Amino acid sequence: MENCIFCKIIKGEIPSKKVYEDADIFAFHDIHPAAPVHFMLIPKLHIASLNEVEEKHQDLLGKIMFLVPSLAKEQGCTDGFRTIINTGRVGGQEVYHLHAHVIGGGTERLPVMIPNPS
Ligand code: 5GP
Ligand code: ZN
């Protein structure tokens with residue numbers, strides 16, 4: 001996709017701090033980290049969001065999830081981490097190239113994401 005910033009990051013047209021790369025997947029640090037460790041895994045294939053995922057993408061999605069714990073540990077998440085995939089407007093997605101956030105690395109429990117209304 002021509003105007004996709006994450007496609008440009010994959011191609012090296014926009015610089016990033018790379019965490020991991022293989023034939024199908026790219027991982028890099030978030031420019032505005034929410035915790036001591038905050039990186040994202042993205043498919044090299046431009047898929048806008050989870051809403052655009054098709055049956056043929058199942059292996060790719062599985063590969064992304066499989067990589068999460070080993071990369072998280074490698075980056076310093078020794079006692080857990082949070083994985084987030086924001087989807088669409090209500091999900092708060094800002095960049096429309098599917099990405100899984102991995103957040104952690106501190107010593108404290110991460111804040112509750114969606115407070116219980118009661
Ligand atoms: P979303 O809200 O779509 O789930 O998350 C998009 C994330 O991409 C945000 O956390 C934002 O900080 C990050 N981001 C946006 N532009 C860039 C960029 O050019 N480089 C990097 N490394 N991260 C970016
Ligand atoms: Zn893209």
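The values are calculated or read from the model by the stated rules, or taken from the named source; none is laboratory data. Because the structure is predicted, anything quoted here is derived from the model rather than measured. Every residue, glycine as well, gets a Cβ built from its backbone with ideal geometry; the counts of neighbours run over all protein chains shown. Calculation scope for accessible area: heavy atoms of the full protein, side chains included, ligands and nucleic acids excluded. Shrake-Rupley method; radii C 1.70, N 1.55, O 1.52, S 1.80 Å.
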**OP:** Could you grab me the full set of residues in region 12-28 that are buried (at least 16 other Cβ atoms within 10 Å of the Cβ) and of a type outside the set (S, T, N, Q)?
**Re:** VAL19, ILE25, PHE26, ALA27, PHE28
Original post:
How many residues, within region 45-72, are open to solvent by 30 Å² or more (accessible area, probe 1.4 Å) and farther than 24 Å from GLY104 by Cα?
Top reply: 10
**OP:** Determine the pairs where a residue that is within 9 Å of ligand 2 (Cβ to nearest atom), located within region 3-14, has a partner that is among the aliphatic types (A, V, I, L, M) and open to solvent by 60 Å² or more (accessible area, probe 1.4 Å) with Cβ atoms under 6 Å apart, the partner being 6 or more residues away or on another chain.
**Re:** CYS7/MET1
Subject >> Breaking point among (1) out of contact with any helix residue (DSSP H, G or I) (no Cβ under 9 Å at 6 or more places or on another chain); (2) within 13 Å of ligand 1 (Cβ to nearest atom); (3) within 22 Å of ARG109 (Cα to Cα), for MET40 >> reply: (1)
Original post:
So how many residues does region 32-44 have that are open to solvent by 50 Å² or more (accessible area, probe 1.4 Å) and either free of Cβ contacts under 8 Å to residues at least 12 places away in the same chain or more than 16 Å from ligand 2 (Cβ to nearest atom) (or both)?
Top reply: 4
**OP:** Among the numbered conditions (1) closer than 30 Å to GLU2 by Cβ; (2) at pLDDT below 95; (3) not β-branched (Val, Ile, Thr), tell me where ASN116 comes up short.
**Re:** (1)
Original post:
So which residues in region 1-11 are under 18 Å from HIS29 (Cβ atoms), open to solvent by 60 Å² or more (accessible area, probe 1.4 Å) and more than 11 Å from ligand 1 (Cβ to nearest atom), if there are any at all?
Top reply: LYS11
